[in-house]
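Below: the structure, in structure tokens.
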Amino acid sequence: MKSTLILSLIMSGGGVAGWEFPPKTDYTPHQHPMSDGEEDVDIITGSQFRGLTTFGNLPYVNCFIDAEAETKPYDIAILGAPFDTSVTGRPGARFGPHGIRVGSQRLGGVDIFSGEDIFHNDWATIVDCGDATLTWLDNNVALRQLDKAHKVASSRRASNTTVSHTPRILTLGGDHTTTLSALRSTFERWGAVSVIHFDSHIDTWRPDVLGGGISDYAGVNHGTFLHIAHEEGLIRNTSIHAGIRAPLLHLKGDLKNDKKCGFDIVTARDLDKVGLDGIIGAIKKRVGDSMVYISVDIDVLDPAFAPATGTSEPGGWSTRELLTIIDGLRGLKVIGADIVEVAPVYDNPGETTILAAAQVGLSLLTLMVDVPVKSIADRQMEKKLSSP
Ligand SMILES: [Mn+2]
């Protein structure tokens, strides 16, 4: 039986002709040939795998070099923050920006839920600035570098000044300490803002509680940055955590301090009680019409949906639930956002985490494109124009 099969395969497949492409035929009206002649083919457009890896295949602009940023203005920029030396759990988030960009290669097209194609919107130029230069040997210096990178990237004159003079930044972390630099920068451009903080951890721990017992240096870390942001006056007391489920260090002390830092809490399990609309409603009610910064620690997702992160906590939301919640925040005045704590080395061959992180990035960009927000510079400009 076996030998008969082999013999018939040899007899039928004998010639080379079977391996040649079929001869060229006339194209039907529904076919669009990549080549209209015998020799030429298109090597510029049409593939998601072309060129270098930027977020969603957006154009790369080096936002830190004056000559380049001035000739290629933008309204929204992606900025990588490859920093992970302030973690209390597994390191690896310094590779987050690269990982999220890899996960973003298939983004684009018309969103089936919103009907929008955000990369081809009607006013905002979106670019990828690449990663900030951050030393891996000194956290103080690295954070000063990141502070400066944010301030420079957001100081560029925007592309569409009829909408706003101030570009907004979507940061790809990096451990969560990197959010502190972003908030220092947004404070200069928009003033104090509400923070919508998606995370399994509260991250408002006092530096002397989480790490600062060793040295002041150790007190600045990915579990204290929101406390420091509060102390620096960068955020409003209308902020909110969403997806919280990680253990506290001190039940009363931590929650009391959290409230003092300006936060309300929506826990991961509140979703089971109030549903998605209930969560969206609670967040919107809390921030009201204030300007908001949205920070997404990917560990807000259950480890089943985001295994590649430093401090996993079981019992989190699914990717679909998180995306529905973020998309439900449409209409809020989002002045900046980030996705942090993505550590690709712990991801699986299916790249579950980086795909989820990239999709979250797209949803955050959509919120930013949907609602332009006037900056301090815009208000000053308007005042100047209206005064006699
Ligand atoms: Mn966290």
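The values are calculated or read from the model by the stated rules, or taken from the named source; none is laboratory data. Please read these numbers as outputs of a predicted model, since none were measured by experiment. Positions of Cβ are backbone-derived with ideal geometry, glycine not excepted, and every protein chain shown enters the neighbour counts.
Structure values in brief
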quantity	calculated
Among the candidates Asp270, Asp254, residue that is over 27 Å from Arg184 (Cα atoms) and among the charged types (D, E, K, R)	Asp270
Residue among Thr161, Thr178, Thr186, Thr204 that alone is of a type in the set (Ser, Thr, Tyr) and under 17 Å from Phe83 (Cα atoms)	Thr178
In region 57-108, the residues that are touching a residue at least 12 places away in the same chain (Cβ under 8 Å), among the small types (Gly, Ala, Ser) and farther than 20 Å from Ala306 by Cα	Ala69, Ala77, Ser86, Gly108
Residue ID - surrounded by the fewest Cβ atoms within 10 Å (Cβ to Cβ), chosen from residues in region 360-379 that are of a type in the set (A, V, I, L, M, F, W, C), assigned to a helix (DSSP H, G or I) and in contact with a helix residue (DSSP H, G or I) (Cβ under 8 Å, 6 or more places away or on another chain)	Ile376
Residue within region 362-374 that is under 17 Å from the mean Cα position of the chain (by Cα), within 16 Å of the ligand (Cβ to nearest atom) and among the β-branched types (Val, Ile, Thr) present	no
Selected residue (criterion: farthest from the ligand (Cβ to nearest atom)) from residues of region 168-193 that are part of a loop (DSSP other than H, G, I, E, B) and over 16 Å from the mean Cα position of the chain (by Cα)	Gly191
Criterion (basic (Lys, Arg) and assigned to a helix (DSSP H, G or I)) met by exactly one of Arg94, Arg157	Arg94
Residues of region 278-299 that turn out to be assigned to a strand (DSSP E or B) and either in contact with a helix residue (DSSP H, G or I) (Cβ under 7 Å, 6 or more places away or on another chain) or more than 22 Å from Ala358 (Cβ to Cβ) (or both), as a count	5
Residues that are more than 16 Å from the ligand (Cβ to nearest atom) and touching a helix residue (DSSP H, G or I) at 6+ places or on another chain (Cβ under 7 Å), drawn from region 233-245	Leu234, Ile235, Thr238
Of residues in region 316-359 being small (Gly, Ala, Ser) and more than 14 Å from the ligand (Cβ to nearest atom), the one surrounded by the fewest Cβ atoms within 10 Å (Cβ to Cβ)	Gly350
Cβ-Cβ under 8 Å pairs, at least 6 apart or on other chains, region 149-162 side modelled with pLDDT of 95 or more, far side among the basic types (Lys, Arg)	His150/Arg184; Lys151/Arg184; Ser154/Arg168; Ser154/Arg189
Near pairs, Cβ below 9 angstrom, 6+ apart or cross-chain, from region 289-302 (more than 19 Å from Leu332 (Cα to Cα) and more than 10 Å from the ligand (Cβ to nearest atom)) to any residue that is in a strand (DSSP E or B) and polar (S, T, N, Q)	Leu301/Thr309
Inter-residue pairs, beta-carbon under 7 Å, first among the hydroxyl-bearing types (Ser, Thr, Tyr) and in region 234-251, second within 16 Å of the ligand (Cβ to nearest atom), 6+ apart	Ser239/Val195; Ser239/His197; Ser239/Phe263
Total residues in region 194-228, condition within 11 Å of the ligand (Cβ to nearest atom) and either closer than 21 Å to Asp270 by Cα or over 21 Å from the mean Cα position of the chain (by Cα) (or both)	7
